[in-house]
1. Mind checking the full-extension length gain between Thr118 and Arg150? Use 0.36 nm per residue of separation minus the Cα-Cα distance, one decimal, nm.
2. Before rounding to the nearest 500, sum -39500 (n - 2.57) across all DSSP H runs of length at least 4 in the chain and divide by the residue total; then give [θ] at 222 nm in deg cm²/dmol.
3. For the chain, what are the DSSP H helices with axial Cα length of 15 Å or more and mean Kyte-Doolittle hydropathy of at least -0.5?
4. Give me the one-decimal nm value for the distance between modelled label points at Ala38 and Glu64, 7 Å along each residue's Cα-to-Cβ direction.
5. If I build a Gaussian network model for the chain, linking alpha-carbon pairs within less than 10 angstrom, which residue out of Glu153, Glu54, Glu145 has the largest mean-square fluctuation?
6. I'd like the distance between the alpha-carbon centres of region 121-146 and region 11-87, rounded to an integer number of Å.
7. Return the distance in nm (one decimal) between the two label points of a simple spin-label model at Glu171 and Glu54, each offset 7 Å from Cα along Cα→Cβ.
Amino acid sequence: MASAGARTRAVLSLGSNMDDRWALLRMAAREFSGDIAAASRVYSTPPWGVTDQEEFLNAVLVVEVQEEPLALLRRCQDLERAAHRVRRRRWGPRTLDVDVVQAHRGGAEVLSEDPVLTLPHPWAHRRAFVLVPWAEAEPGALLRERAVERWIEELPRNEVAQVVPVGALAESEER
């Protein structure tokens, strides 16, 4: 059992390709404003999986929270519901997507094969739209015991090149 003082350090991947994408990403960032240890810029990225949809805006937050990882997932899902996310098709368009990519609790990595919350995220190592912002937010970060930068090196160059910074996540900074 985790101690009462244990905190969760988690990597969250944010994405949106519907409605006011900037406002939706910033809404998610505001939810975690007191918990953010690091944040990437916002990146424009092509859709992944289902390609007949609008481009995404993506960002990564590294947060430190009191919640256990499953409770953090519920918090992320509450944000998606507040953004009126509707799951019509897998990898389809969405107002807001907030994924828990990786979590450490009390300094130890949380590993889970639970279908509700699989940690680390099972496809993160293959997704430039997660890895590139994460490497920016947390240089030297490890995923599956390998540097995030190493995972990026193994992706097709054209996929990495399509992840383009477009502005700051913070509202006070210009886009």
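No value in this document is a laboratory result; all are computed from the given coordinates. For clarity, every value in this text was computed on a predicted model and none was experimentally measured. As a convention, Cβ positions derive from the backbone with ideal geometry for all residues, glycine included, and neighbour counts pool all protein chains shown.
1. The Thr118-Arg150 span can extend by a further 9.3 nm.
2. Numbers: 5 runs with 47 residues, N = 175.
Roughly -7500 deg cm²/dmol at 222 nm, from the helical runs in the chain.
3. Values: long enough: 21-31 (16 Å, -0.27); 69-82 (20 Å, -0.31).
Qualifying helices: 21-31, 69-82.
4. About 1.3 nm, to one decimal.
5. Of the options given, Glu145 has the highest mean-square fluctuation.
6. 15 Å
7. The answer from the label model is 2.0 nm.
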